[in-house]
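Q: Here you go, one structure.
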Amino acid sequence: MKDKIQIEKYIEDLENQFKNKFSKSKEIFEQGLDYFPNSVAQPARTLKPFPPFIESASGNSVMTVDGVELLDFWQGHFCNILGHNHPVLTEAISSNITNNCALQSGFLTPLENELASLFRKTTNMESFIFTTSGTLATMYATMLGLSYTKKSLVLKLEGGWHGAQPWSVTGVKYPEGINKNVLESSGLPEDWDEQVVTVPMNDIEALTKCFDKCGDKIGVFILELVLGNSGMVMANKDFIKEVRRLTEQYGVVLIIDEMVTGFRVRAGGLYKLYDIEPDLVTFGKVVTGGMPFACIAGKRKIIEEASSSKKIRVWADSGTFNCHPTSLRVAIETIKYLVEHEQEIYPSIIKKMNTLRNACKEIMCKYNIDIDITGESNDDSIPNFPIGTIRFIKDKEKYDKTKAINHWNGDLVDTNLRDRVIRIALMLKGIYVWQGMGVVTHSHSEDDIIKLISAYEEFASELGN
Ligand SMILES: Cc1ncc(COP(=O)(O)O)c(C=O)c1O
């Protein structure tokens, strides 16, 4: 790589070009500066010095207010597996408008049963609760599990994220191990850090120790099979099998949060490829088709904790916008489409992602840039994940790719290059990436993959030596 001074100069040049090319976005950003606590309404979408603002989005790309078309590998926080505004889904929305059932009526419709039966067919789960966001789904699922087990401790993975809800804000970015949980949100009761314990992913020894120490107190273990917040680190099959064994032994409700992984590599949950049966599963993102929706699926005996036949039940299903008719219609059409086109969609997405991953590695190596690309499976029965990030490695000696938490360790990984510089550099070349790479969807053609590979080549030649 170039030396520190050359890189600083390179970044300064990029920012100047960016300010010129995206000047209208800059103007809108500056107009909104004092409305929101983080300068923009959705901080996950912002960027220093300012984010691009868009006017429209279609298929593989978005059009910014500056008139710049960006080939998009972020795709609605990963919910648009068919690309932006897929016609099958926008037609479904139009038909709801035509039939006067586009907005919330506050009545039940036949759509709820139709969607539940699709979930049952694709997941084999018995019972369902629908809600409006992944955050609520994981929070309700946790409450159901705690109510069922009558225990109060929640176990999660270091570096895991389940939305900004009270049981998910520990050990997200700066975890320090099982006995030192770091509460990363204020505004919660003082002793809240005692409600959640964390273990590192793929570490069977730490997992066993944790269960030996507090297995009897744990009511819920919530985890992802691919740690999204840690840049898509895949769980090992033997780790997950041990998780299932221990949770059964200790009577712990196992929640697999499939917000990112669900319907991503097959028309159903990823847990099937891990050969386990969770107690509860949460789905959102892909199955929503881009509308606000999420689902808790699971064993009837646990979901029954929400039943009004109980004296005190889990309040997991109220909400003005629950079962919004347009969200349900779009979810139905999305799942149907994914089931009908399963063989056409998934193998091709995975193949394109593998091409991208391999080419990126070769290019960075050619220019002496040390990187690691996340999302790789180490089991033949589980494909590489179609979402990946590029970690620019700062300290090769100390960097350990098996440790998910290294993703946020600024001493080992250059987070500025990954989260900011490459994003700006590639936007100047007409491509929008997330953490250096992002998601490959059905909307991306082989040509789109080649475009991103060529952009990597240019970027690497600018940054490397
Ligand atoms: C694994 C996981 N769970 C839960 C959530 C929260 O979902 P939502 O943003 O729909 O509230 C997210 C969001 O990114 C997620 O990645």
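The values are calculated or read from the model by the stated rules, or taken from the named source; none is laboratory data. None of the values given here were measured: they were computed from a predicted structure. Neighbour counts are summed over all protein chains in view; Cβ atoms, including those assigned to glycine, are modelled from backbone coordinates with ideal geometry.
Q: If LYS209 satisfies all but one of (1) surrounded by 21 or more Cβ atoms within 10 Å (Cβ to Cβ); (2) at pLDDT 95 or above, what's the number of the condition it fails?
A: (1)
Q: For GLU205, state whether it is in contact with a Leu (Cβ under 7 Å, 6 or more places away or on another chain), away from the ligand (no atom under 16 Å from the Cβ) and either in the same structural domain as ASP400 (by TED's automatic domain parsing) or assigned to a helix (DSSP H, G or I) (or both). Let's see the steps before the verdict.
A: Details: in contact with a Leu (Cβ under 7 Å, 6 or more places away or on another chain): no; away from the ligand (no atom under 16 Å from the Cβ): yes; either in the same structural domain as ASP400 (by TED's automatic domain parsing) or assigned to a helix (DSSP H, G or I) (or both): yes.
Against the criterion (in contact with a Leu (Cβ under 7 Å, 6 or more places away or on another chain), away from the ligand (no atom under 16 Å from the Cβ) and either in the same structural domain as ASP400 (by TED's automatic domain parsing) or assigned to a helix (DSSP H, G or I) (or both)), GLU205 does not qualify.
Q: Would you call VAL243 among the hydrophobic types (A, V, I, L, M, F, W, C), touching a strand residue (DSSP E or B) at 6+ places or on another chain (Cβ under 8 Å) and within 23 Å of ILE129 (Cα to Cα)? Walk me through it before giving the result.
A: Details: among the hydrophobic types (A, V, I, L, M, F, W, C): yes; touching a strand residue (DSSP E or B) at 6+ places or on another chain (Cβ under 8 Å): yes; within 23 Å of ILE129 (Cα to Cα): no.
No.
Q: Now a separate question. Can you pull out the residues in segment 98-147 that are within 16 Å of the ligand (Cβ to nearest atom), in a loop (DSSP other than H, G, I, E, B) and under 21 Å from VAL220 (Cα atoms)?
A: Quick first cut of segment 98-147, residues within 16 Å of the ligand (Cβ to nearest atom) only: 129-145.
Now narrow it down to the ones that are in a loop (DSSP other than H, G, I, E, B): 132-133.
Scanning segment 98-147 gives a single hit, SER133.
Q: Let me ask something additional. Restricting attention to segment 391-418, report how many residues are farther than 17 Å from GLY159 by Cα and within 20 Å of the chain's Cα centre (by Cα). Spell out the reasoning first.
A: Restricting attention to segment 391-418, the residues satisfying the condition of being farther than 17 Å from GLY159 by Cα are 392-398, 414, 416-418.
Checking the rest, the ones that are also within 20 Å of the chain's Cα centre (by Cα) come to 418.
Matching residues across segment 391-418 total 1.
Q: Another question, then. Looking at LYS150, LYS173 in this structure, which one is within 16 Å of the ligand (Cβ to nearest atom) and among the charged types (D, E, K, R)? Spell out how you get there, then give the answer.
A: Working: LYS150 fails: within 16 Å of the ligand (Cβ to nearest atom).
It is LYS173.
Q: Within the group SER25, SER39, which residue is modelled with pLDDT under 95 and surrounded by 12 or more Cβ atoms within 10 Å (Cβ to Cβ)?
A: Details: SER25 fails: modelled with pLDDT under 95.
Of the residues listed, the single one that is modelled with pLDDT under 95 and surrounded by 12 or more Cβ atoms within 10 Å (Cβ to Cβ) is SER39.
Q: Confirm whether GLY219 is more than 16 Å from the ligand (Cβ to nearest atom), assigned to a strand (DSSP E or B), assigned by TED's automatic domain parsing to the domain that holds GLY134 and modelled with pLDDT of 95 or more.
A: For GLY219, the condition - more than 16 Å from the ligand (Cβ to nearest atom), assigned to a strand (DSSP E or B), assigned by TED's automatic domain parsing to the domain that holds GLY134 and modelled with pLDDT of 95 or more - is met.
Q: Do the conditions hold for GLY388, that is, is it surrounded by 20 or more Cβ atoms within 10 Å (Cβ to Cβ), closer than 27 Å to ASN20 by Cα, assigned by TED's automatic domain parsing to the domain that holds MET63 and within 20 Å of the chain's Cα centre (by Cα)? Steps first, please.
A: Values: surrounded by 20 or more Cβ atoms within 10 Å (Cβ to Cβ): yes; closer than 27 Å to ASN20 by Cα: no; assigned by TED's automatic domain parsing to the domain that holds MET63: yes; within 20 Å of the chain's Cα centre (by Cα): yes.
Judged against the criteria, GLY388 is not a match.
Q: Among the residues of segment 83-93, are any within 16 Å of the ligand (Cβ to nearest atom), among the small types (Gly, Ala, Ser) and touching a Ser or Thr at 6+ places or on another chain (Cβ under 7 Å)? Full working, then the answer.
A: First, the residues of segment 83-93 that are within 16 Å of the ligand (Cβ to nearest atom): none.
No: segment 83-93 contains no residue that is within 16 Å of the ligand (Cβ to nearest atom), among the small types (Gly, Ala, Ser) and touching a Ser or Thr at 6+ places or on another chain (Cβ under 7 Å).
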